[in-house]
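J.: Please see the structure below; I have some questions.
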Amino acid sequence: IRRRTQEVLGYRPCLWQIRVVEAILRHDKDIIAIAAMGSGKTLTFWMPLLF
């Protein structure tokens with residue numbers, strides 16, 4: 001996830017972002033992300049489209 005995101009978007013995701021994307025891709029949980037403004041929440045929910 002980290003490598004693909006960095007290749008396509010030029011951004012190295014944080015560990016919390018990778019964990020959220022993994023959960024989204026597993027389709028096993030509803031996801032609520034609480035993080036500071038500007039921390040990449042929107043990007044995190046777009047990242048699964050790369051896979």
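Bear in mind that the values in this text are calculations on the coordinates, not laboratory data. Being a predicted model, the structure only gives us computed values, none of them experimental. Note that each Cβ is placed from the backbone with ideal geometry, even for glycine, and that neighbours are counted across all protein chains shown.
J.: Arrange Val20, Val8 by Cβ neighbour counts within 10 Å, fewest through most, would you?
T.: Details: Val20 24, Val8 11.
Listed from fewest to most nearby Cβ atoms, that is Val8, Val20.
J.: Right, something else. Specify, per residue and in Å³, the volume enclosed by the convex hull of the alpha carbon atoms belonging to the chain.
T.: Values: hull volume 3.6 nm³, N = 51.
Each residue corresponds to 70 Å³ of Cα convex hull volume.
J.: Placing unit charges on C-beta atoms (Lys and Arg positive, Asp and Glu negative, everything else neutral), compute the dipole magnitude of the chain about its Cα centre in debye, rounded to 20. All intermediate terms of the calculation are to be shown ahead of the outcome.
T.: Values: 8 positive and 4 negative charges, 32 e Å.
Approximately 160 debye in magnitude.
J.: Hey, another quick one. Based solely on its DSSP helices, what 222 nm [θ] is calculated for the chain when runs of n ≥ 4 H residues each add -39,500 (n - 2.57) and the sum is averaged over all residues, nearest 500 deg cm²/dmol? Don't jump to the answer; show the numbers that get you there.
T.: On the way: 3 runs with 26 residues, N = 51.
After summing the helix terms and dividing by the residues of the chain, the value is -14000 deg cm²/dmol.
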